[in-house]
1. Among the residues of the range 149-163, which ones are over 16 Å from Leu25 (Cβ atoms) and within 10 Å of the chain's Cα centre (by Cα)?
2. Could you say whether any residue in the range 112-123 is closer than 16 Å to Ile16 by Cα, of a type in the set (Gly, Ala, Ser) and in contact with a Leu (Cβ under 8 Å, 6 or more places away or on another chain)?
3. Name every residue in the range 13-32 that is part of a loop (DSSP other than H, G, I, E, B) and either at positive phi or crowded, with 18+ Cβ neighbours inside 10 Å (or both), in order of residue number.
4. List the pairs whose first member sits in the range 112-128 and is within 7 Å of Leu144 (Cα to Cα), whose second member is open to solvent by less than 70 Å² (accessible area, probe 1.4 Å) and modelled with pLDDT under 90, and whose Cβ atoms are under 7 Å apart, counting only residues at least 6 apart or on separate chains?
5. Quick one: which strands (runs of 3 or more DSSP E) lie wholly within the range 53-167 and hold at least 3 residues that are open to solvent by 10 Å² or more (accessible area, probe 1.4 Å) and at pLDDT below 95?
6. Just one of (1) crowded, with 16+ Cβ neighbours inside 10 Å; (2) touching a Leu at 6+ places or on another chain (Cβ under 9 Å) trips up Ala44, so point out which.
Amino acid sequence: MTPSPTAEATAEPLTIPDCETLLPLADAQALFSANTEFFGEFAAVQFGVDGVPEAATALAGASLWRFCGWGVPSSDGAFTLLVAEIAPDDRAALEAALTGAGFGAVTMGTVTGYDAEREGEVSTLADTLLFTGEVMIVCNGTSLDLTGAVTGSALDALRTANPTLGL
C-alpha cells in the first residue's frame, strides 16, 4: 500500500470586520465624545500619515483594506481608523520611515507599534500604528490615548475574526 499524498496546509485569508465591529459606536462615544457619530467608510486614496508618504505607498499596494471615520458633526473633531493587509517589503519601508520621522517604537509580543503626537493648527494631532504579521492598523486622531485605544479595539476585533492567523 502506498501512502496517500498529504495536502499542504493553506493559510486562512485575512478577514477585516466592518467598521462598527472594529470600533463599536458606543466605544467611540466613550473615547471621544457623547456626540460622536460613525461617518462611514472612505476611499483608501484619502488615507495618510502626516510626514510619512510611505504610509500611503504601503496602502497603495495593499491586498485588502478598510478605512473608517468617526467624529462630531459640524465640528473639526474627528478620527479615522485604517486596517490593511500589506506586503512585507512595504511594512519594512514604512517602519523605517516612521522611525526616521520621529515616531516612538515599542514591541508588545507579536505586535510592533509606533506613535507620535504633535500640535496642529487647531488641536493636537496623534497617530498610532500597529503591525502584526502582514496587518497594519492605523488611527489618526487628537491624542495618543484615543489612537492607542482605537487601534487596540481594532486589533482585538481582528484577532476574534481571524483566530487561526496568530495576530
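1. Matches in the range 149-163: Thr151, Gly152, Leu155.
2. Of the range 112-123, the ones closer than 16 Å to Ile16 by Cα are none.
For the range 112-123, residues closer than 16 Å to Ile16 by Cα, of a type in the set (Gly, Ala, Ser) and in contact with a Leu (Cβ under 8 Å, 6 or more places away or on another chain): absent.
3. Residues of the range 13-32 that are part of a loop (DSSP other than H, G, I, E, B), as a first pass: 13-18, 23-24, 32.
Hits for the range 13-32 are Leu14, Ile16, Leu23, Phe32.
4. Glu117/Thr124
5. Values: elements: 64-71, 78-85, 104-108, 111-119, 124-132, 135-141.
Counting at least 3 such residues, we get 104-108, 111-119.
6. (1)
The values are calculated or read from the model by the stated rules, or taken from the named source; none is laboratory data. This one's a predicted model, so the numbers in the text were calculated from it and none came from an experiment. Note that each Cβ is placed from the backbone with ideal geometry, even for glycine, and that neighbours are counted across all protein chains shown. Ligands, DNA and RNA are stripped out before the accessible areas are found, and what is left, the full protein with its side chains, is counted by its heavy atoms. Shrake-Rupley method; radii C 1.70, N 1.55, O 1.52, S 1.80 Å.
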